[in-house]
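The block underneath contains the structure these notes are about, expressed in structure tokens.
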Amino acid sequence: MSVARSNALTTRIALVGDFNEAVLAHRAIPQALAMSAQALGITLDVRWLATDTLRADDDLAGFAGVWCVPASPYRSMDGALLAIRHARTRQLPFLGTCGGFQHAIVEYARNVLGWADADHAETAPDAARAVIVPLACSLVEVAEPVIFRPGSRIAEAYATEWIEEGYHCRYGLADGFRDAAFADGALRIGAVDEHGDVRAIELRDHPFFVATLFQPERAALRGDPCPLVRAFVAAAGQDSLPAGSAGTVRLDPADR
């Protein structure tokens, strides 16, 4: 895929995932981005990138931010992991929601911890080292309180101690991975549920790398602002904000 170089006043965002109009989050994401762009006065050029079109870093050239979106299994797990690694290693603002959270964990386990056999139980149910496993209680169309860790980037975005957010998932972080994942503090917990189960992660030494098991974008369907999406857009567009701009979004569906 050939990607044109963005101009100084436009921020290009890659939505990594396989677009499906029936997926609620996929309908919410453009609205959440539009609300954030308008609030910040940033012009966004948003592209859906199907996971099976991503084979090399060049396929992500020119993007200022990467959002790995819900609705997995993806058509290409390798494509999703490539995009996450690209954002992580090149210090590009990254947001992962639902399936994006799950695959950010797999990517970190494989490429940072060196666990080459780390896998996702949904696509590899017999994996010897599944770092994403079935939740004890399904969170499909469930809303629950999310409690933010003080000092985390996600707590800063929401500017509150907790919030109720919606889910559509059946898989989460494996208990056996938790100690190894957060041992050195490079990957840290951003939020938990009322039982202490991890619901958001972030990288410490990165401009913006946040992944949530919940779907914050859903707020846009109610007409409510999405603080985390706004923080992501602000991080991606920090070099693209012209004074007094109105904020617009152009959505290119070509690679859905």
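So is Val46 at pLDDT 95 or above and closer than 16 Å to Ala234 by Cβ or not?
Working: at pLDDT 95 or above: yes; closer than 16 Å to Ala234 by Cβ: yes.
Judged against the criteria, Val46 is a match.
Is segment 176-185 home to any residue that is touching a strand residue (DSSP E or B) at 6+ places or on another chain (Cβ under 9 Å), charged (D, E, K, R), surrounded by fewer than 24 Cβ atoms within 10 Å (Cβ to Cβ) and free of Cβ contacts under 8 Å to residues at least 60 places away in the same chain? There is at least one residue in segment 176-185 that is touching a strand residue (DSSP E or B) at 6+ places or on another chain (Cβ under 9 Å), charged (D, E, K, R), surrounded by fewer than 24 Cβ atoms within 10 Å (Cβ to Cβ) and free of Cβ contacts under 8 Å to residues at least 60 places away in the same chain. Filtering segment 1-42 to residues that are more than 21 Å from Tyr167 (Cβ to Cβ), assigned to a strand (DSSP E or B) and either of a type in the set (A, V, I, L, M, F, W, C) or modelled with pLDDT of 95 or more (or both) leaves Thr11, Arg12, Ile13, Ala14. Every listed requirement among (1) under 18 Å from the mean Cα position of the chain (by Cα); (2) over 23 Å from Ala28 (Cα atoms); (3) polar (S, T, N, Q) is met by Gln215 save one, (2). Cβ-Cβ contacts under 7 Å between residues 6 or more apart (or on different chains), taken from a first residue in segment 95-107 that is within 19 Å of Val229 (Cβ to Cβ) to a second residue that is hydroxyl-bearing (Ser, Thr, Tyr) and in a helix (DSSP H, G or I), are absent.
The values are calculated or read from the model by the stated rules, or taken from the named source; none is laboratory data. This is a predicted model, so every value here is computed, not measured. Using ideal geometry, Cβ is built from the backbone for each residue, glycine included, and neighbour counts are taken over all protein chains shown.
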